[in-house]
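Chemist: Got a structure here, written out as structure tokens. Questions coming.
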Amino acid sequence: MAAERLLHAGHAVDLYDAMPSVGRKFLLAGRGGLNLTHSEPHGPFVGRYPDAPPALRAALDAVGGPQVRAWAEQLGIATFVGSSGRVFPTDMKAAPLLRAWLHRLRAAGLRLHVRHRWTGWDADGALCFDTPVGRVAHRAAATVLALGGASWPRLGSDGAWVPLLAARGVPLAPLQASNCGFDVAPMRPGADGWSAHLRERQAGQPVKAVAARLAGDPPEVAQAGEFVLTDTGVEGSLVYAHSARLRAAIAAQGQATWLLDLLPQHAPGRVLAEVRHPRGARSLASHLKGRLGLAGAKAALVHEVLTPAQLHDPQALAAALKALPLRLARPRPVAEAISTAGGVRFEALDARAMLQTLPGVFCCGEMLDWDAPTGGYLLTACLATGRWAGDGAAAWLAARA
């Protein structure tokens, strides 16, 4: 996106990519259906970026959901709004969009260089690259860095740029896993995460039609969705929606408590009444399944978390079905995360996205210190900050002409 804006301003642009082809993480994002952006109104949309600094808000004002859809349409890619409000290409694929975009960029004069891994600057200020034919250098009038975070390093974004910028005095926040799974804390004294029974029977199973919130939040703010049980804990869209706050709670308190409403369609009074209903000779599992439809992974979680005494106390059991406490111990490693938080701090940049310690060097995308859940917000902010950096570089070059 930065290259597109610079080309539009009439500049010659070279784009260097460390990988054999460009857009590999973009293509990965489209593997299950490319979620380009979200259709919700702009105010709530921007609210999905926790503590978004003014510069990010301004970038999203220029490139939000409607602008991303219009941009895709200009490339010949029709989009639609799914039932969740997420926006997808009509064919659900990333490759046609990437091909159309690269075709337009090349037609505008883009020079593309693959298998060029940036390694910093030489003594004369030229950009240095490791390539299949050895080390090469390129002197640029302006440089836009879009080096990604540190998630999915096999696709190219491995965070190797962090020491290069740190050595130049660029203020950085540590890269952390975001939109990631979490490991559960031991459910019982002496245990190690999930029990062997749950791992063997339920790992990989989805937990659907639930609502979740963090301990201390009122029930009315619980977010509906679904997630998946893993060998070590939980992952999935509902987990990702809370990942920033879960990570912060773990950092501050050593663990986070995630409260699950397993029966969001039922009011607490209804749940208590059904739990208290005489069950005769039926087992508790059969009773809960028959009266409340509680079975499978949900039932397994209840038996995993509650003690025998709680399971046989109707008041405690009913309360737990509406707020089952899962204690989360740690996020999964950064390399497994969908995205990363941390990176170049916004105070390191001027109003044009230029590094204040490195005139003529601009930054954009996931290497900046912002965070957002999945749902189209990640790609939108990458496109928005790319436009911001490209326009900033063009303005800086114009001022020096």
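Coordinate-derived values only; no laboratory data. Nothing here was measured: the structure is a model prediction, and the numbers come from that model. Cβ coordinates were reconstructed from backbone atoms using ideal geometry, including for glycine residues, and neighbour counts include every protein chain displayed.
Chemist: Calculate the length of the line joining the C-alpha centroid of the stretch 138-196 to that of the stretch 312-334, in whole Å.
Modeler: Each part reduced to its Cα centre gives a spacing of 28 Å.
Chemist: Over the stretch 182-331, what is the relative contact order in percent, taking alpha-carbon pairs closer than 8 angstrom and at least six residues apart?
Modeler: Once divided by the residue count of the stretch 182-331, the mean separation gives 31 percent.
Chemist: Further question: Need the list of lysines near residue 289 for cross-linking: C-alpha distance under 20 angstrom, and skip anything on the same chain fewer than eight residues off.
Modeler: Correct list for residue 289: 208, 298, 322.
Chemist: When all alpha-carbon pairs of the stretch 92-217 are counted, what percent fall beyond 24 Å?
Modeler: 59 percent
Chemist: Just for the Cα atoms in the stretch 1-143, what are the lengths along the principal axes, largest first, rounded to whole Å?
Modeler: Ordered largest first, the stretch 1-143 gives principal extents of 52, 34, 28 Å.
Chemist: Next question. Residue by residue through the stretch 18-24, what is 3J(HN,Hα) from phi via Karplus (6.51 cos²θ - 1.76 cosθ + 1.60, θ = phi - 60°)? Round to whole Hz and write x for glycine and proline.
Modeler: Result, rounded to whole Hz: 5, 8, x, 8, 8, x, 5.
Chemist: Projected onto the charge dipole of the stretch 253-401 (+1 at Lys/Arg Cβ, -1 at Asp/Glu Cβ, origin at the Cα centre), which of 263, 364, 281 gives the Cα projection farthest towards the positive end?
Modeler: Projecting each Cα onto the dipole axis, the largest value belongs to 281.
Chemist: Oh, and also: Just how many % of Cα pairs in the stretch 332-401 lie over 17 Å apart, if you round to the nearest whole percent?
Modeler: Cα-Cα pairs in the stretch 332-401 separated by more than 17 Å: 46 percent.
Chemist: Right, here's the next one. Can you give the FRET efficiency to the nearest 0.05 for residue 310 and residue 336, using r as the Cβ-Cβ distance and R₀ = 35 Å?
Modeler: 0.60
Chemist: Oh, and also: List every residue whose amide H lies under 5 Å from the amide H of residue 294, counting only residues 5 or more places away in sequence or on a different chain, with H placed 1.01 Å from N in the peptide plane.
Modeler: Residues meeting the criterion, in which the H sits 1.01 Å from N, are 289.
Chemist: Okay, next question. Would any residue of the stretch 377-401 have its amide N under 18 Å from a label point 7 Å out along Cα→Cβ of residue 139? List them or say none.
Modeler: 397, 400-401
Chemist: Going by amide H atoms built from the backbone, whose H comes under 5 Å of the H on residue 175, apart from near neighbours?
Modeler: Correct list: 343.
Chemist: Can I ask one more? Ordered by residue, what ³J(HN,Hα) values in Hz, to whole numbers, does the stretch 173-179 give under the Karplus form 6.51 cos²θ - 1.76 cosθ + 1.60, where θ = phi - 60° and Gly and Pro are x?
Modeler: For the stretch 173-179, the Karplus-derived couplings read 9, x, 6, 9, 5, 9, 6 Hz, x marking Gly and Pro.
Chemist: To continue, here is another question. Provide the percentage of antiparallel DSSP beta bridges, counting only those with both residues in the chain; round to the nearest 5.
Modeler: 85 percent
Chemist: What would the Debye formula give as log10 I(q)/I(0) at q = 0.12 Å⁻¹ for the alpha-carbon point model of the stretch 188-312, no solvent?
Modeler: Listed by q, the Debye log ratios stand at -0.50.
Chemist: Taking a cut-off of 31 Å, what percent of all Cα-Cα pairs in the chain are separated by more than that?
Modeler: 45 percent
Chemist: Could you give the nm distance between label points at residue 285 and residue 126, where each point is 7 Å from its Cα heading toward the beta carbon?
Modeler: Simple spin-label model gives 7.0 nm for this pair.
Chemist: Here is a further query. What's the ranking of 156-163, 98-105 by average number of surrounding C-beta atoms within 10 Å, highest first?
Modeler: Descending packing order for the listed peptides: 156-163, 98-105.
Chemist: What's the extension gain from residue 95 to residue 399 if we count 0.36 nm per residue and subtract their Cα-Cα distance?
Modeler: 105.7 nm
Chemist: OK, next. Using the Karplus equation 6.51 cos²θ - 1.76 cosθ + 1.60 (θ = phi - 60°), what ³J(HN,Hα) coupling, rounded to whole Hz, does each residue of the stretch 38-51 give in order, writing x for Gly and Pro?
Modeler: The phi angles translate into 10, 8, 5, x, 4, x, x, 4, 5, x, 6, 9, x, 6 Hz.
Chemist: Can you list residues from other chains, or at least 5 along the same chain, whose modelled amide H is less than 5 Å from the amide H of residue 207?
Modeler: Counting only residues 5 or more places away or on other chains, the set is 227, 228, 229.
Chemist: Further question on the same structure: Determine the gain in length on full extension of the stretch residue 164-residue 205; use 0.36 nm per residue of separation and subtract their C-alpha separation, reporting nm with one decimal.
Modeler: Gain on stretching residue 164 to residue 205: 10.6 nm.
Chemist: I need the helices of the chain that pass two filters: whole DSSP H segments spanning 20 Å or more by Cα along the axis, and mean Kyte-Doolittle score no lower than 0.0.
Modeler: Span-like helices, by this rule, are 377-400.
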